[in-house]
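Colleague: This is the structure, below, for whatever I ask next.
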Amino acid sequence: MSTAPDPEPRAPRPALVFDDPLDQQSSDDTDRGWGERSDTGGAAADLKRFLDEKPPHHL
């Protein structure tokens, strides 16, 4: 009689996928998150954004 425990079953290996990765859209292919801002606020919001994003040498 053997006293060794039964080996645990192995997890299945991930399948190999040979699709073309360039055919799929990545998160970088969208414009989401690239400087969008809401249209609310009017001129006051535009001035605030201008002052916030102005380079320091433009006083």
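Colleague: Restricting attention to segment 4-38, which residues are modelled with pLDDT of 75 or more and β-branched (V, I, T)?
Modeller: Within segment 4-38, just V17 meets the criteria.
Colleague: Going by the structure shown, is L59 open to solvent by 100 Å² or more (accessible area, probe 1.4 Å) and either out of contact with any helix residue (DSSP H, G or I) (no Cβ under 8 Å at 6 or more places or on another chain) or at pLDDT 70 or above (or both)?
Modeller: On the way: open to solvent by 100 Å² or more (accessible area, probe 1.4 Å): yes; either out of contact with any helix residue (DSSP H, G or I) (no Cβ under 8 Å at 6 or more places or on another chain) or at pLDDT 70 or above (or both): yes.
It is true that L59 is open to solvent by 100 Å² or more (accessible area, probe 1.4 Å) and either out of contact with any helix residue (DSSP H, G or I) (no Cβ under 8 Å at 6 or more places or on another chain) or at pLDDT 70 or above (or both).
The values are calculated or read from the model by the stated rules, or taken from the named source; none is laboratory data. A quick note: this is a predicted structure, and the numbers were derived from the prediction, not measured. Methodologically, a virtual Cβ is constructed for each residue, glycine included, from the backbone with ideal geometry; neighbour enumeration extends over all protein chains shown. All accessible areas refer to the heavy atoms of the entire protein, side chains included, with ligands and DNA or RNA removed. Shrake-Rupley method; radii C 1.70, N 1.55, O 1.52, S 1.80 Å.
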